[in-house]
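The values are calculated or read from the model by the stated rules, or taken from the named source; none is laboratory data. These numbers were taken from a predicted model, which means no experiment stands behind them. We place every Cβ from the backbone using ideal geometry, glycine too, and count neighbours over all the protein chains shown.
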Amino acid sequence: MREPFIYKGTIPRIVFGAGTVARVADELLNLGRQKALILSTPNQETEARTLAERLGAVCVGVFSGAAMHTPVEVTLEALQVFSDRGADCVISFGGGSTIGLGKAIAYRNDAHHLVVATTYAGSEVTAILGQTENGVKTTVRDASILPETVIYDPELTYSLPVNMTVTSGLNAIAHAVEGLYAQDRNPISSMMAMEGIAALHAALPAIIGDPGDPAARTDALYGSWLCGVVLGTVGMALHHKICHTLGGSFDLPHSETHAILLPHTVAYTEEAVPHLLAPVAALLRTDRAATGLYDFAFGIGAPTRLKDFGLTTRDLDRASDIAMRNPYWNPRPLDPVAIREMLQMAWEGARPGSS
Ligand code: NAD
């Protein structure tokens, strides 16, 4: 029988398609803005400056100091540049790190925020900001954090290295998978989740074959948008919490951690809600979503072992302690022994169900 639900959409304006980066000036006009500060990481500074040249007078500068986990000191530096240049909005050109900086600025000064998204992390469509101060990562959720406009131009993703494409794509799939069993799931979020997973499942192997495949890059970005909307609209559970713990307390890289953990967190949770994960298992042509996700990730060359990222078994003890310290809802309640076993499997890179 159909379950009761509450649905509330919170999607920014989306401009999607090859070549749409050329529409940035029109979209600024649409927002009534004419003095944009472009943000990027040092890695994407050249592309950010190309965009600045294209924008001409409506761009007042480029700040290329964005960094992973949105350090507050970088935000303060960027805010100074924002006011020195008399900017009236920000354009984040990049992935989650750059978008985090744009959100941190908008959260503090209510600036309009246009995103040109170049990875599959999904941050551009959420009202969530994670930032770090004195080594502590905190998360805030506020309507002012949701960007106003997002431009998805698949041509800008051709340059995303294949290894990052794989882990970023699995990061997106993780949002959608957790959305399927969220307490506040609804028919729209579940449809978006399955459409997003299917698009990425088809696109990622094709991109490995040809990183510049226009159709595959377009499908992957489309899938990542849908998965990002799921992340932004329903609550996450064990998978995201444990990745947050590992990222925040052990400085593990974001998308790689998601890629490694996903089959294991799904194995943990699936036994409580097999019916909610059955569509994923069916898509992957298997009877368990967890093994299907493991085989898919392995097949596209994703990292599979936490131990390859410098984590020790003693760290696993501490990680499971931290994970248990702030209990949160999960379809299968958190059990310290089972969580520790799950982390061990992920550390070793074992296939779920193999021990
Ligand atoms: P990232 O933004 O850190 O990008 C990784 C590197 O790839 C950077 O050097 C970047 O410049 C480069 N890069 C990005 N796109 C490229 C492209 N098309 N071609 C070449 N190089 C490119 O990585 P990410 O995984 O997108 O973001 C991770 C961060 O985002 C983490 O801090 C995470 O916590 C945050 N995040 C936040 C949310 C949210 O809703 N708040 C959601 C997802 C991720």
Qualifying residue in region 157-166 (condition: among the aromatic types (Phe, Trp, Tyr), in a loop (DSSP other than H, G, I, E, B) and away from the ligand (no atom under 13 Å from the Cβ)): no
Tally, over region 169-186, of residues that are more than 15 Å from the ligand (Cβ to nearest atom) and either free of Cβ contacts under 8 Å to residues at least 40 places away in the same chain or more than 20 Å from ALA281 (Cβ to Cβ) (or both): 3
Number of the exception - ALA25 against (1) under 19 Å from ALA121 (Cα atoms); (2) more than 12 Å from the ligand (Cβ to nearest atom): (1)
Some residue of region 143-155 being at pLDDT below 95 and not basic (Lys, Arg): yes
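Quick grid of which residues meet (1) buried (at least 21 other Cβ atoms within 10 Å of the Cβ); (2) without any contact (Cβ under 8 Å) to a residue 40 or more places away in the chain; (3) over 19 Å from the mean Cα position of the chain (by Cα):
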{"position": "ILE197", "(1), (2), (3)": "yes, no, no"}
{"position": "LEU200", "(1), (2), (3)": "yes, no, no"}
{"position": "ILE208", "(1), (2), (3)": "no, no, yes"}
{"position": "LEU226", "(1), (2), (3)": "yes, no, no"}
{"position": "LEU261", "(1), (2), (3)": "yes, no, no"}
{"position": "TYR268", "(1), (2), (3)": "yes, no, yes"}
{"position": "LEU283", "(1), (2), (3)": "no, no, yes"}
{"position": "THR291", "(1), (2), (3)": "no, no, yes"}
Per-region count, region 236-274, residues at pLDDT below 95, out of contact with any strand residue (DSSP E or B) (no Cβ under 7 Å at 6 or more places or on another chain) and among the small types (Gly, Ala, Ser): 2
Number of the exception - ASP110 against (1) of a type in the set (Asp, Glu); (2) within 30 Å of ARG217 (Cα to Cα); (3) touching a Ser or Thr at 6+ places or on another chain (Cβ under 8 Å): (2)
Total residues in region 132-146, condition closer than 23 Å to PHE93 by Cβ and touching a Gly at 6+ places or on another chain (Cβ under 7 Å): 0
Meets criteria (small (Gly, Ala, Ser) and more than 28 Å from HIS201 (Cα to Cα)) for ALA297: no
Which listed residue, of ALA203, ALA182, is more than 16 Å from VAL273 (Cβ to Cβ) and either part of a loop (DSSP other than H, G, I, E, B) or hydrophobic (A, V, I, L, M, F, W, C) (or both): ALA203
Any pair with Cβ under 7 angstrom, 6 or more apart, that starts in region 125-145 at a residue that is in contact (Cβ under 8 Å) with a residue 12 or more places away in the chain and under 20 Å from PRO253 (Cα atoms) and ends at one that is more than 11 Å from the ligand (Cβ to nearest atom) and assigned to a strand (DSSP E or B): GLN131/THR138
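One line per residue, one yes/no per condition, for (1) more than 17 Å from HIS240 (Cβ to Cβ); (2) under 17 Å from the mean Cα position of the chain (by Cα); (3) at pLDDT 95 or above; (4) not basic (Lys, Arg):
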{"site": "TYR158", "(1), (2), (3), (4)": "yes, no, yes, yes"}
{"site": "THR167", "(1), (2), (3), (4)": "no, yes, yes, yes"}
{"site": "ASN171", "(1), (2), (3), (4)": "no, yes, yes, yes"}
{"site": "VAL177", "(1), (2), (3), (4)": "no, yes, yes, yes"}
{"site": "GLN183", "(1), (2), (3), (4)": "no, no, yes, yes"}
{"site": "SER189", "(1), (2), (3), (4)": "no, yes, yes, yes"}
{"site": "MET194", "(1), (2), (3), (4)": "yes, yes, yes, yes"}
{"site": "LEU204", "(1), (2), (3), (4)": "yes, yes, yes, yes"}
{"site": "PRO214", "(1), (2), (3), (4)": "yes, no, yes, yes"}
